[in-house]
Amino acid sequence: MYFAALLARTEDGWEASDMELDDVESLSDLIDLARSAAVDDDTVVALIEQEDTWFGVVRVDGEEDPRYYVSNAAAASRSSYGSMLTDELLGKDEEDDELDELDLDGTEDGEDEAIASYSDDDDTEEDEDEDVDEGVRAGAEPAPSGPLGDPRLLDDLGVSHKQLMTLDGDALSEIADSLGATEVLEAVR
């Protein structure tokens with residue numbers, strides 16, 4: 001179960017809105033959603049949490065490049081919304097996906113040549129393949145089991161990098177409390 005919210009800074013404090021993740025299919029969609037919530041191109045903080053397993057923070061300041069932080073990249077990389085963040089932070093892009101589809105013999109996955117080379121004696125090889133996590137590809141950089149991204153992205157807003165890196169449990173409430181946005185966040189929770 002995910003919880004996601006946008007906190008938009010205004011002259012009067014923070015405004016919160018529930019972020020509908022069903023409409024978010026890519027990181028670009030998330031950034032566009034955050035920018036559309038901005039008041040006078042001020043700061044917007046997108047908060048995403050998956051059942052106390054991991055949380056992510058995306059900060060958007062006008063047209064500047066977004067900044068990202070994920071509390072547990074390994075856990076986040078196994079979820080659909082978390083993987084958008086970890087892929088960005090690890091520098092994985094669509095070109096990498098296209099390269100992963102090539103076999104070492106130069107054919108693309110699923111071509112007949114790969115099927116023709118299979119024999120009944122290869123059953124043990126098939127059993128070994130089942131033990132390999134489908135999410136891990138050869139040559140792909142694994143996500144670390146700890147934080148990933150820019151832990152200083154909220155320093156100037158009252159959440160120090162040391163505090164951010166030690167948060168667990170109800171992290172989003174603690175972040176909102178430090179920002180002075182507890183009431184508005186709880187209103188959309």
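Using the Kirkwood formula on the Cα atoms of the range 1-81, what hydrodynamic radius do you get, in angstrom to one decimal?
On the way: mean 1/r = 0.0777 Å⁻¹.
Result for the range 1-81 stands at 12.9 Å.
Using a/c under 1.5 as the rounded threshold, could you call the range 37-83 rounded, prolate or oblate? The axes a ≥ b ≥ c are square roots of the C-alpha gyration tensor eigenvalues, and prolate needs a/b larger than b/c, oblate otherwise. Walk me through the numbers before you get to the answer.
Values: a/c = 3.24, a/b = 2.41, b/c = 1.35.
Cα axes put the range 37-83 in the prolate bin.
Can you give the accessible area of Asp168 in Å² (nearest 10), computed on protein heavy atoms with a 1.4 Å probe?
Spelled out: Asp168, probe radius 1.4 Å, area about 110 Å².
Compare Ser145, Ser26 by solvent-accessible area with a 1.4 Å probe and give them largest first, with all protein chains kept in place. Mind showing how you got there, number by number?
Details: Ser145 95, Ser26 40 Å².
Of Ser145, Ser26, the descending order of accessible area is Ser145, Ser26.
Please report, as a whole percent, how much of the solvent-accessible surface of the range 2-91 comes from carbon and sulfur atoms (probe radius 1.4 Å). Display every interim value, and only then the final one.
Details: 1440 of 4070 Å².
Whole-percent figure for carbon plus sulfur exposure: 35.
Using only protein heavy atoms and a 1.4 Å probe, report how much of Ile31 is accessible, in Å² to the nearest 10.
Rounded to the nearest 10, that gives 10 Å².
Summing +1 for each Lys or Arg and -1 for each Asp or Glu, what net charge is found among the other residues whose Cβ lies under 14 Å from the Cβ of Glu63?
Working: positive: Arg35, Arg59, Arg67; negative: Asp32, Asp40, Asp41, Asp42, Asp61, Glu64, Asp65.
Every neighbour counted, the sum reads -4.
Just grab the label-to-label distance for Asp41 and Ser145, each label 7 Å out from Cα along the Cβ direction, in nm (one decimal).
4.5 nm
Show Thr10, Thr86 ordered by accessible area, largest first, where the area counts protein heavy atoms only and the probe is 1.4 Å. Mind showing how you got there, number by number?
Details: Thr10 25, Thr86 0 Å².
These residues rank, largest area first, as Thr10, Thr86.
The values are calculated or read from the model by the stated rules, or taken from the named source; none is laboratory data. Just so we're clear, the structure is a prediction, and the values are computed from it rather than from any experiment. Backbone-built Cβ (ideal geometry, glycine too); neighbour counts: all protein chains shown. Calculation scope for accessible area: heavy atoms of the full protein, side chains included, ligands and nucleic acids excluded. Shrake-Rupley method; radii C 1.70, N 1.55, O 1.52, S 1.80 Å.
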